[in-house]
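To keep things clear, I will list the structure first and then write my remarks on it.
Only the coordinates and a few stated rules stand behind these numbers; no lab work does. What you see is a predicted model; the values in this text were computed from it and never measured. Cβ atoms come from the backbone with ideal geometry, glycine included; neighbour counts cover every protein chain shown.
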Amino acid sequence: MKTILISLFSMIVFITSFVQNSTDSEKHLKFKGVPIDGTLNDYVYKMKKSGFTLIGTEDGVAMLKGDFAAYKDCIIGVATLKQKDLVSKITVIFPERETWSSLSSNYYNHKRTID
């Protein structure tokens, strides 16, 4: 009886370890469908395949240009950790707006899609 319980417990632990691995990879953060992981060069390559254009790279930060959230010509900043070449931050700079009303309209449109 003791052998059966140990075998059953071992099988449960074995099966749940595989389930855990598959769900963790599915939950990994993505930006425009590209997982935020790996080296800066790998991430930039994937973003270029997604339609973005590389503006330049300097000191662990890459700047790309492309469309985001229905806005044309956004600037995308991709930064790495200081000690490692591992992507850790994504920043979006939207195109300039000339009037306060157009800027606030953009903000409320984004807020409405999030809520």
Added length on full extension, which subtracts the Cα-Cα distance from 0.36 nm per residue, Thr91 to Asn109: 4.6 nm
Separation in nanometres of the label points that stand 7 Å from Cα toward Cβ, at Lys49 and Ala70: 2.9 nm
Taking Val92, Val44 and counting other C-beta atoms within 10 Å, the order from fewest to most: Val92, Val44
Fewest-first ranking of Lys46, Lys111, using other Cβ atoms within 10 Å as the exposure measure: Lys111, Lys46
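Considering only Cα-Cα distances, which of the following residue pairs are longer than 25 Å: Lys84/Lys111; Lys48/Lys89; Lys82/Lys111; Lys89/Lys111; Lys32/Lys72? Could the numbers behind the result be given before it?
Values: Lys84/Lys111 34 Å; Lys48/Lys89 17 Å; Lys82/Lys111 32 Å; Lys89/Lys111 21 Å; Lys32/Lys72 14 Å.
The pairs that break the limit, which is 25 Å between Cα atoms, are Lys84/Lys111; Lys82/Lys111.
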